[in-house]
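Trainee: Have a look at the structure that comes next, please.
The values are calculated or read from the model by the stated rules, or taken from the named source; none is laboratory data. This is a predicted model, so every value here is computed, not measured. When we count neighbours, we look across all protein chains shown, and the Cβ atoms used for this are built from the backbone with ideal geometry, even at glycine. Side chains included, ligands, DNA and RNA excluded: accessible areas come from the protein's heavy atoms. Shrake-Rupley method; radii C 1.70, N 1.55, O 1.52, S 1.80 Å.
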Amino acid sequence: MVGSNPRIGVASVFQETNTFSPKPTVWEDFKVLVGDEAVEALAGTNTEFAGVMAELDRQGAEAVPLVSAYALPSGRVTEGTFRRLVGLLDAGLGQAGRLDGLVLALHGSMTSESVFDADSMLVEVARRWMGAAPVGVCLDLHANMTARMVDVADVVVGYHTEPHVDMGSTGARIARLLTAVVRHEISPAMALAKRALLIPAEGMRTDLGPMSEVRELADQLTVGRVLDISLFPVQPWLDVPELGLGVLVVTDDDPDSASLIAEELAYEVWRRRGRMTTPRIMTPSAAFATARLSSTRPFVMAHTADCPTAGASGDDPIMVTEAAQYGADLTVMHSLLDPDAARRLAGEVGNPVRLEVGAAFNSAARPVNLEGSVANAGGGTYRLTGHSHTGMEVSMGEWAVVTSGSHHLLITSQPSVTGDPATWRHAGLDPDLTDVLVVRSCSDYRPNFADSAPDAITLDLPGASTPRLESLRFQHVPRPIYPIDPVLI
């Protein structure tokens, strides 16, 4: 018998896989926090874990923190790393004692070297411990929703926003629903509708455009016995079975309505597919010409094709030469992942340097020569200040800023979140004081640079997170799938 103060476990294992990335995800990429350590580190942050903990307190439930393991997006999780993640969750549940319910915060697009649907396997690990006690799951909007996830979880919700700004409130939503299930106030019935559809990340925004229209319709339908509706347009750089748009509807014991609404909304997305394209995509030369004529400052260029927060390696140095050739008269701030170069430059502050940089992981990229002086260097952690994961403590490892004329290149030893102003400021750079800011971000930069975002340009470059999805070689996805096979659908 569940009392008025149910014991509910809280765990998060979060990684988004880009299967086209040359950089695997290893154990050292994860920041692991256990028990009260997770509570203290994440309190007040815009994260699912913090949102769940705060809402369970409001609901009068006893929250039992188990573990938080977080890594930035990257390539497939290595087999040994995934086994350790499973072991972390297994150990946390084994030590928690009796639980009346469990909330799991996952991404929904994690893939290991041998498991396509790694997130569902984590839910199955939890299910073995929980038995008949309910398991609630919250996912990123870019999750690849599968039938297996619907089968093994009791209730699932996802973010409502792209760019993502509702991590904490998504955690609160699943906590409310799970608590109601535990108290036998609702009996969730879920239905999933899928479509063979991939959308460029830049084309699935929920603040404007076609996806916002469907999100608004979903909100209007979330009344009465319809408890929650999640749209999962899925991150498209994932070569796995069942890949495609998902719409998940949760009702209170009304499976027929859930199925009808899910299919209706999937259709509404499908018929808008031709409008879900990447806006303002330009070559670097055209982008710099446009920036020179624009009064917007900073003028944002999004290097989305090699974006670490989309799982790409972030080490293609092409913009070093492109900026030098086409933007020599402009102040430019940009970034590059190169662990060896970042460490080498750490002790060179104030000194002139000449070295090859880039292509640390990506064999399709080529290193380039860089000349300049080391303006600053450092390391340590800092907290994100933008609207996505606000307050989360992160690190870009050792870093150095090389200045060449009016160009400032931030070189890091770990992937960095350049869509957040805090990253630049941690390196002693003010992104508001540059002509051109090159972010390796698909969309999360938009709410953080709101005045510049309407004029932002997506750079037309190759990479593992390219908006030109037809250029990727898919092997495992269901075929035909739009827009890879537009003629066949």
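Trainee: Excluding Thr25 itself, calculate the net charge of residues whose Cβ lies under 14 Å from the Cβ of Thr25, where each Lys or Arg counts +1 and each Asp or Glu counts -1. Write down the numbers at each step before the final one.
Mentor: On the way: positive: Lys23, Lys31, Arg76, Arg83, Arg84; negative: Glu16, Glu28, Asp29, Glu79, Glu113, Asp119.
That sum, taken over residues with Cβ under 14 Å, equals -1.
Trainee: Further question on the same structure: Pop out the ³J(HN,Hα) list for segment 269-277 in order, Karplus 6.51 cos²θ - 1.76 cosθ + 1.60 with θ = phi - 60°, rounded to Hz; leave Gly and Pro as x.
Mentor: Computed from phi, the couplings for segment 269-277 are 5, 4, 6, 9, 4, x, 8, 8, 10 Hz.
Trainee: Let me ask you something else. Kirkwood hydrodynamic radius for the chain: how many Å is it when counted over pairs of different Cα atoms?
Mentor: Details: mean 1/r = 0.0436 Å⁻¹.
Hydrodynamic radius (Kirkwood, Cα pairs) of the chain is 22.9 Å.
Trainee: Another question about this same structure. In segment 256-307, which GluC sites (Glu not before Pro) are in a loop and have at most 10 other Cβ atoms within 10 Å, using DSSP for the loop call? Display every interim value, and only then the final one.
Mentor: Values: sites: Glu263, Glu264, Glu268; in loops: none.
Here no GluC sites (Glu not before Pro) fit, given the DSSP loop and packing criteria.
Trainee: Counting just the Cα atoms, what span does segment 335-421 cover along each of its three principal axes? Round to the nearest Å and put the largest first.
Mentor: Dimensions of segment 335-421 along the principal axes of its Cα atoms: 37, 32, 22 Å.
Trainee: Follow-up question, since we're still on this one. Quick one: in segment 273-331, what % of C-alpha pairs are over 12 Å apart? Before the final figure, lay out the partial values.
Mentor: Working: 1245 of 1711 pairs.
When every Cα pair of segment 273-331 is considered, 73 percent fall beyond 12 Å.
Trainee: If you filter segment 303-365 for GluC sites (Glu not before Pro), then keep DSSP loop positions with at most 16 other Cβ within 10 Å, what is left? Don't skip to the answer; put the middle values down first.
Mentor: Details: sites: Glu322, Glu348, Glu356; in loops: Glu348.
Listed in order of number, the matching sites are Glu348.
Trainee: Also: Taking 7 Å along the Cα-to-C-beta vector as the label spot, tell me the Asp219-Glu62 distance in nanometres, rounded to one decimal.
Mentor: With each label point 7 Å from Cα toward Cβ, the separation is 3.8 nm.
Trainee: Which shape class, rounded, prolate or oblate, goes with segment 58-180 when its Cα gyration tensor gives a ≥ b ≥ c as root eigenvalues, a/c under 1.5 marks rounded, and past that a/b bigger than b/c marks prolate?
Mentor: Working: a/c = 1.61, a/b = 1.13, b/c = 1.43.
Oblate, since a/c reaches 1.5 and b/c is not below a/b.
Trainee: Still on this structure, please answer the following. Give me the extension gain from Met282 to Gln475: residue separation times 0.36 nm, minus the current Cα-Cα distance, reported in nm with one decimal. Don't jump to the answer; show the numbers that get you there.
Mentor: Working: separation 193, 0.36 × 193 = 69.48 nm, distance 2.86 nm.
Extra length available between Met282 and Gln475 comes to 66.6 nm.
Trainee: Right, here's the next one. Counting Lys +1, Arg +1, Asp -1, Glu -1, what net charge surrounds Gly327 among other residues with beta carbon under 15 Å of its beta carbon?
Mentor: -1
Trainee: Rounded to the nearest whole Å², what accessible area per residue is found for the chain with the 1.4 Å probe? Present the calculation step by step, with values, prior to reporting the outcome.
Mentor: Values: 17910 Å² over 489 residues.
Per-residue value: 37 Å².
Trainee: Just to be sure I understand the model, the point goes 7 Å from the Cα along the line to the Cβ. What's the resulting Gln95 to Ser363 distance in nm?
Mentor: Once both label points are built, they end up 4.1 nm from each other.
Trainee: Here is a further query. To the nearest 10 degrees, how steep is helix 79-95 against the longest Cα principal axis of the chain, on a 0 to 90 scale?
Mentor: With both axes taken from Cα atoms, the answer is about 40 degrees.
Trainee: Same structure again: With r defined as the distance between the Cβ atoms of Glu113 and Leu293 and R0 fixed at 45 Å, what FRET efficiency is calculated, to the nearest 0.05?
Mentor: On the way: r = 48 Å, r/R0 = 1.06.
E(calc), rounded to 0.05, equals 0.40.
Trainee: Determine ³J(HN,Hα), in whole Hz, for all residues of segment 133-143 in sequence, where each value follows from phi through the Karplus function 6.51 cos²θ - 1.76 cosθ + 1.60 and θ = phi - 60°; x replaces Gly and Pro.
Mentor: 5, x, 10, x, 10, 10, 10, 5, 4, 8, 5
Trainee: When a/c reaches 1.5 or more, the comparison of a/b and b/c decides; with that in mind, is segment 389-489 rounded, prolate or oblate per its Cα gyration tensor? Please report the intermediate quantities before stating the final value.
Mentor: Working: a/c = 2.25, a/b = 2.03, b/c = 1.11.
Prolate is the answer for segment 389-489, as a/c is 1.5 or above and a/b outweighs b/c.
Trainee: What nm value, rounded to one decimal, do you get for the distance between Asp485 and Asp430 when each label is placed 7 Å out toward the C-beta?
Mentor: 5.5 nm
Trainee: Once the Cβ-Cβ distance between Asp340 and Ala132 is put in as r, and R0 is 51 Å, what FRET efficiency do you end up with, to the nearest 0.05?
Mentor: On the way: r = 52 Å, r/R0 = 1.03.
E(calc), rounded to 0.05, equals 0.45.
Trainee: Calculated from DSSP H runs of 4 or more alone, at -39500 (n - 2.57) each and per residue, what is the 222 nm mean residue ellipticity of the chain, nearest 500?
Mentor: -8000 deg cm²/dmol
Trainee: Suppose we take every Cα in segment 153-199 and form the convex hull; what volume per residue is that in Å³?
Mentor: Numbers: hull volume 3.9 nm³, N = 47.
It comes to 83 Å³ per residue, whole-number rounded.
Trainee: I would also like to ask the following. Determine the distance separating the Cα centre of segment 49-113 from the Cα centre of segment 307-328; give it in Å without decimals.
Mentor: Value for the Cα centre distance between the two parts: 34 Å.
Trainee: Using only the C-alpha atoms of segment 254-304, find the volume of their convex hull and express it per residue in Å³.
Mentor: On the way: hull volume 6.7 nm³, N = 51.
Value for segment 254-304: 132 Å³ per residue.
Trainee: Ok, one more. Take the Cα atoms of segment 313-354, build their convex hull, and give its volume per residue in Å³.
Mentor: 95 Å³
Trainee: Classify segment 109-171 as rounded, prolate or oblate from the Cα gyration tensor: take a ≥ b ≥ c as the square roots of its eigenvalues, call it rounded if a/c is under 1.5, otherwise prolate when a/b beats b/c and oblate if not. List each step's numbers first, then the result.
Mentor: Working: a/c = 2.38, a/b = 1.31, b/c = 1.81.
Judged from the Cα gyration tensor, segment 109-171 comes out oblate (a/c at least 1.5, b/c at or above a/b).
Trainee: Now for a different question. Ordering Arg366, Arg383 by how much accessible area each has at a 1.4 Å probe, largest first, what is the list? Don't jump to the answer; show the numbers that get you there.
Mentor: Working: Arg366 195, Arg383 110 Å².
My answer, sorted largest first, is Arg366, Arg383.
Trainee: How charged is the neighbourhood of Gly108? Take every other residue with its Cβ under 10 Å from the Cβ of Gly108, and add Lys/Arg as +1 and Asp/Glu as -1.
Mentor: Numbers: positive: none; negative: Glu16, Asp117, Asp119, Asp140.
For residues surrounding Gly108, the net value is -4.
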